[in-house]
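Asks: Below are the structure tokens for one structure; questions will follow.
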Amino acid sequence: MGDITQQPGRLRPAPENFLSEDQVKAVAAGRRDFLRKSFLAAGAAMAAPLAARAGEGDPNILNLPAWSTSLGQPVATHPYGMPSKFESQLVRRESPGLARVGGASVSFAPLQGLFGIITPSGLHFERHHQGWQDVDPTRHRLMINGSDDSLLRKPKVYTMDELMRLPSVSRIHFIECGANTGLEWGNVAVPTVQYTHGMLSCSEFTGVPLKTLLEDCGVDYRKARYVLAEGADGSSMTRTIPMEMVESGEVFVAYGQNGEMLRPENGYPLRLVVPGVQGVSWVKWLRRIEVGDMPYATKDEAVHYIDLLPNGLHRQYSSIQEAKSVITTPSGGQTLVEKGFFNVSGLAWSGRGRIKQVDVSFDGGLNWQTARLEGPIQNKALTRFNINWVWDGKPAILQSRATDETGYVQPGYGQLRKVRGTKSIYHNNAIQSWKVVESGEVTNVQVL
């Protein structure tokens, strides 16, 4: 463990928006020689603020700044509060070259700059299949029907007002795109944690259990063993959900997120919440639930969001997001400016329940130390972990390894590739490695 009494080291943030579209393509093709130069150029302007340290004779202590000697802004200057102008670089970003059409692309959450476990709604990652819409809630409807009359006695259509008058639940859950970390299956492809793991967010969602609605419509659980969720966007996203998840009470239709209504990019005014399951099943702009007696094998579960195995076969309906973790600081693109004490921090999560333990290695997996889990430790939610580390200026490789309450241990790349190969896209939960060199630069590497 690091000694907290030692002089604290300084960390330079990652210049997240430093790659052009052509450079991203070059990285994906395995040409990464220019990365260091790009980081240095993008980070040069960020170095100056770190040069001064508060102490004896510091003018920022001795002289009162303007904001201490003048009248501040009145209340409600911004009726809806906004972040400080000094935090303008902390934004979600689209990876250049990832998709040809912005309406069917991804924006990544800036995990490297977040605290705790809740993702601010304005920084929640986006994944759209035909762009997002700002839907009029007075015209939005949720229809519940059956594929056969015997499965559901009373098909119904609910308005938003009717849904919001029903007894509600509020729960904290993570949501992760099935393709999160997907670019890394074959080799290192992107430089920072925003791009390696940023299709991940965690919020408090509020809504009505789907079980409540199905029972209001007279569902026959003996015959109805699946539900089909359909969105109101242009892609008409549809996903099959096993009825066992619904009967447990976990699945709910949400209208609230982090204490307010959903944001349009996150499915306003209604989305499905399916804890522990890949994000594509959390259907946004939810307009219809159909109950059936078999999986529906829709386009996005028969052709996409399936796992390519080394023998050429595909595995379907592997929706659960297995235990995974990542160190967010220090992480790729950041720079340790000087030796000393650092608080190493990161996130862990599992689609099968609570995180039980996170171990951290500073030597590429040769030795492991148990990190501190910061509460609350919730079911199928992000868990924040921290561990003390004193950097002595020598090379290091930082890793984290999560274990969930089922006993499942996050695998390394060597273990995962023995089973899954290197040609897949989805459900990459391998251990992430960050290499620290003598200069303090932190880069993305893979350890087998």
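The values are calculated or read from the model by the stated rules, or taken from the named source; none is laboratory data. Note that the structure is a prediction, hence the values are computed from the model and not measured. Please note: Cβ atoms are built from the backbone with ideal geometry, for glycine as well, and neighbour counts cover all protein chains shown. Just so you know, the surface numbers come from the protein's heavy atoms only, side chains and all, with ligands and any DNA or RNA stripped out. Shrake-Rupley method; radii C 1.70, N 1.55, O 1.52, S 1.80 Å.
Asks: Rounded to a whole number, what is D in µm²/s for the chain from Stokes-Einstein with the Kirkwood radius over alpha-carbon pairs (25 °C, 0.890 mPa s)?
Replies: 104
Asks: Using a 1.4 Å probe on the protein heavy atoms only, what accessible surface does Ile118 show? Give it in Å² to the nearest 10.
Replies: Result for Ile118: roughly 70 Å² accessible.
Asks: Less than 23 Å apart at the alpha-carbon level, and either on another chain or at least 8 residues along: which lysines does that give for Lys154?
Replies: Lys211, Lys223
Asks: To continue, here is another question. Which value, in Å² rounded to 10, gives the accessible area of Tyr221 with a 1.4 Å probe and all protein chains present?
Replies: Accessible area, nearest 10 Å²: 50 Å².
Asks: Solvent-accessible area of Phe125, probe 1.4 Å, all protein chains present, reported in Å² to the nearest ten, please.
Replies: It works out to around 10 Å².
Asks: Summing Lys, Arg as +1 and Asp, Glu as -1, what charge do residues with Cβ under 12 Å from the Cβ of Gly122 carry, Gly122 excluded?
Replies: Around Gly122, the charge tally is -2.
Asks: Over segment 173-332, what is the mean sequence separation of C-alpha contacts under 8 Å (at least six apart), divided by residue count, expressed as relative contact order in percent?
Replies: It rounds to 26 percent for segment 173-332.
Asks: For the full complex of protein chains and a 1.4 angstrom probe, list His129, His427 by accessible area with the highest value first.
Replies: His129, His427
Asks: Compute the acute angle (0 to 90°) between the alpha-carbon long axis of helix 35-47 and the principal axis of greatest extent of the alpha-carbon atoms of the chain; round to the nearest 10°.
Replies: Tilt of helix 35-47: around 70 degrees.
Asks: Given a 1.4 angstrom probe, what's the average accessible area per residue across the chain, in square angstrom?
Replies: Spelled out: the 1.4 Å probe surface of the chain, per residue, equals 46 Å².
Asks: Run lengths n ≥ 4 of DSSP H only: what is the helix-derived mean residue ellipticity at 222 nm for the chain, with -39500 (n - 2.57) per run over all residues, to the nearest 500?
Replies: -3000 deg cm²/dmol
Asks: Still on this structure, please answer the following. Can you return the lysines within cross-link range of Lys324? Criterion is Cα-Cα under 28 Å, with same-chain partners fewer than 8 residues away left out.
Replies: Here the lysines satisfying the reach criterion relative to Lys324 are Lys25, Lys284, Lys299, Lys356, Lys380, Lys394, Lys418, Lys423, Lys435.
Asks: From the square roots a ≥ b ≥ c of the eigenvalues of the alpha-carbon gyration tensor of segment 305-448, which class results: rounded (a/c under 1.5), prolate (a/b over b/c), or oblate?
Replies: Verdict is oblate for segment 305-448.
Asks: Whenever you get a sec, compute what percent of the accessible area on the chain sits on carbon and sulfur atoms (1.4 Å probe).
Replies: The nonpolar share, carbon plus sulfur, comes to 54 percent.
Asks: Working from the alpha-carbon coordinates of segment 134-245, get Rg over Rh, Rh being the Kirkwood radius.
Replies: Expressed as Rg/Rh, it is 1.06.
Asks: Mind ordering 240-247, 200-207 by average Cβ neighbours within 10 Å, highest first?
Replies: 200-207, 240-247
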